[in-house]
Amino acid sequence: MLKTDPNQTEFVNFYLPFNGRLKASNRWAKLSEIVPWDVVERCYAESFARTGMGAPAKSGRIAYGALLIKERFGITDEETVEQVMENPYLQYFLGLNELQQKPLFDPSMMVHFRSRFTAEHHQLINSKIISQASGSTPNEPSGTQNDAIDGDTPPNCGKLLVDATCVPADIRYPTDLGLLNEARAKTEAMIDQFHCGITQAAVCAVKKPRTYRQKARKQYLIVAKQKKPGAKKVRKAIGQQLNYLKRNFRHLSHMTGSHPGMLGLLSDYDYKCLLAIHTLYDQQRQMHTQRVHSVADRIVSISQPHVRPIVRGKAGKKVEFGAKASISHQKDGYVSLDTLSWDAYNESSDLPKQIESYKRRFGYYPCSIHADMIYRTRENRNYCKDLGIRMSGKPLGRPKKATAKNKNELKLEKLQQRQDERDRIPVEGKFGNCKRKGTLGRIMAKLSHTSESVIHVGIIVLNLDKRLAELLLRLLRQLTWRFLDTHRLLN
């Protein structure tokens, strides 16, 4: 049950022992003024049932503030609780009136906090932050100098930077042989659990099914311990593990068929793993029979079956495993997360949606689009040409031959292409900030919806840091001009 406090978003004097006082210029005090807590509370309240039953829930400010603190520090859930308990500025950021010297919540509550906010909630909060920074309301133009006058279409203005990346999940590097060995070990543990339950319910002794686990483990290690096993050895080992796994499925089917209540012995996690193992077996058997190395919706982790391989072609990382995120970096430097998918897709299809989002926010289309080669499809070029938008990069077709007449023209085109590549650097830098400074370099959340919440919060923290830097720079300028004016009057 959620009980909201109407005064929760209003700051009062924070009580500290020994007559201490908090500085108003502290970064967390400034950051607390930027976050739209009213939107957070409204989104948080939508995730609760209106029954009036249950224990009182934590406020939305505590829930979402804890997620922001964790992402900004790049720490674990347990460390987040400790930091909040020890730091009065963090408690002030969470809306408390006095110092609490005991944990505000259990670390396991962080999972529920992530589950309470959907992707639509995160996008609404991020839009509110961006609109406050630009001084406009969401879905309205932020400026008036390029607005339409008397119904005329405003001219294009500004630059739109777009790019996509893979946000890797915290999984072991998957191999077909390793996944099958893990699946075999899990099914053997389930057989042991079922046999124990059948033995307790039976009157006489029941013989345990034979799994040949020691032999299967030995055959796996013979190949896994080799530095560079040949393709024939790997294929033979995969076939052996598939046969052992097929035998285990047959035992499980017989045990559950003769004793229908056996599946109730499995936990929700084990049952989810069993479903993933069935799908994994079908995929591996298909690839082994057809002698191929790819299959649709390929499972690369039994514990996280939603994770998919994303082919990126980067240096040292040809394939990454996680979610694919597409962002747009607009002219004021703030970032919006446009698409988040666990399946590999062509990010060039996001460009029309990103252009229209730019139009809804500013009231006009961008003057130029800065993107890498994959976005420069013929459809996107025609779409931008119809709107009068210039797309960066080389034009289609053969390069023009240099002549005495077009020598200067070709030189200007080359300079423009170099400048376009320089202008695209900020969107690459945003990915670097999220992955190196934040936690998007490796998502530690295990569930699909909690992982998506972590990614959305990472983008929001990126915008909050930019907004905070702008406020601190403005404050520094005011103090500098005030000092200079005082110095001028004294002299």
- Query: What are the residues in the range 339-359 that are closer than 18 Å to residue 376 by Cβ, surrounded by fewer than 19 Cβ atoms within 10 Å (Cβ to Cβ) and among the charged types (D, E, K, R), if any?
  - Reply: 353
- Query: Residues of the range 9-46 being at pLDDT below 75, open to solvent by 30 Å² or more (accessible area, probe 1.4 Å) and touching a helix residue (DSSP H, G or I) at 6+ places or on another chain (Cβ under 6 Å), which ones?
  - Reply: 9
- Looking only at the range 59-94, which residues are open to solvent by 50 Å² or more (accessible area, probe 1.4 Å), without any contact (Cβ under 8 Å) to a residue 60 or more places away in the chain and under 21 Å from residue 452 (Cβ atoms)? 73
- Message: Return the pair list, or none, for Cβ contacts closer than 9 Å from residues in the range 447-462 that are over 9 Å from residue 122 (Cα atoms) to residues that are hydroxyl-bearing (Ser, Thr, Tyr) and open to solvent by less than 20 Å² (accessible area, probe 1.4 Å), at least 6 apart or on different chains.
- Response: 462/334
- Query: Is it the case that some residue within the range 427-442 is in contact (Cβ under 8 Å) with a residue 40 or more places away in the chain, closer than 23 Å to residue 163 by Cβ and among the hydroxyl-bearing types (Ser, Thr, Tyr)?
  - Reply: yes
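Being farther than 20 Å from residue 39 by Cα, assigned to a helix (DSSP H, G or I) and in contact (Cβ under 8 Å) with a residue 24 or more places away in the chain narrows it down to one of 475, 489, so name that one.
Details: 489 fails: in contact (Cβ under 8 Å) with a residue 24 or more places away in the chain.
The match here is 475.
Right, residue 70: outside any helix (DSSP H, G or I) and among the charged types (D, E, K, R) or not? Steps first, answer last, please.
On the way: outside any helix (DSSP H, G or I): no; among the charged types (D, E, K, R): yes.
Spelling it out, it is not the case that residue 70 is outside any helix (DSSP H, G or I) and among the charged types (D, E, K, R).
Could you say which residue among 341, 294, 349 is under 30 Å from residue 236 (Cα atoms), free of Cβ contacts under 8 Å to residues at least 24 places away in the same chain and among the polar types (S, T, N, Q)? Spell out the reasoning first.
Numbers: 341 fails: under 30 Å from residue 236 (Cα atoms); 349 fails: under 30 Å from residue 236 (Cα atoms).
None of the other options fit; the residue is 294.
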- Query: Which one of these is among the hydroxyl-bearing types (Ser, Thr, Tyr) and touching a Phe, Trp or Tyr at 6+ places or on another chain (Cβ under 7 Å): 244, 269?
  - Reply: 244
- Message: Just to be sure before I move on: is residue 311 open to solvent by 10 Å² or more (accessible area, probe 1.4 Å) and either without any contact (Cβ under 8 Å) to a residue 24 or more places away in the chain or closer than 17 Å to residue 130 by Cβ (or both) in the structure I sent?
- Response: no
- Hey, among 294, 253, which residue is surrounded by fewer than 15 Cβ atoms within 10 Å (Cβ to Cβ), over 25 Å from residue 168 (Cα atoms), out of contact with any helix residue (DSSP H, G or I) (no Cβ under 7 Å at 6 or more places or on another chain) and among the polar types (S, T, N, Q)? 253
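Sort through 308, 312 and tell me the only one that's at pLDDT below 95 and closer than 30 Å to residue 190 by Cβ. Working first, answer last.
Working: 312 fails: closer than 30 Å to residue 190 by Cβ.
Exactly one residue qualifies, and that residue is 308.
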- Message: With the requirement that a residue be farther than 19 Å from residue 253 by Cβ, open to solvent by less than 80 Å² (accessible area, probe 1.4 Å) and of a type in the set (Val, Ile, Thr), what does the range 200-231 give you?
- Response: 223
- Task: Find the residue count for the range 293-324, including only residues that are under 20 Å from residue 275 (Cβ atoms) and among the acidic types (Asp, Glu).
- Result: 1
- May I ask you to list the residues in the range 47-67 that are out of contact with any helix residue (DSSP H, G or I) (no Cβ under 8 Å at 6 or more places or on another chain) and either assigned to a helix (DSSP H, G or I) or among the β-branched types (Val, Ile, Thr) (or both)? 51, 62
- For the range 256-272, state whether one or more residues are among the acidic types (Asp, Glu), under 30 Å from residue 346 (Cβ atoms) and surrounded by fewer than 20 Cβ atoms within 10 Å (Cβ to Cβ). no
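The values are calculated or read from the model by the stated rules, or taken from the named source; none is laboratory data. Quick caveat, the model's predicted, so the values are computed rather than measured. Heads up, the Cβs are rebuilt from the backbone with ideal geometry, glycines too, and the neighbour counts pull from every protein chain shown. Protein only, heavy atoms only, side chains kept; ligands, DNA and RNA dropped before computing areas. Shrake-Rupley method; radii C 1.70, N 1.55, O 1.52, S 1.80 Å.
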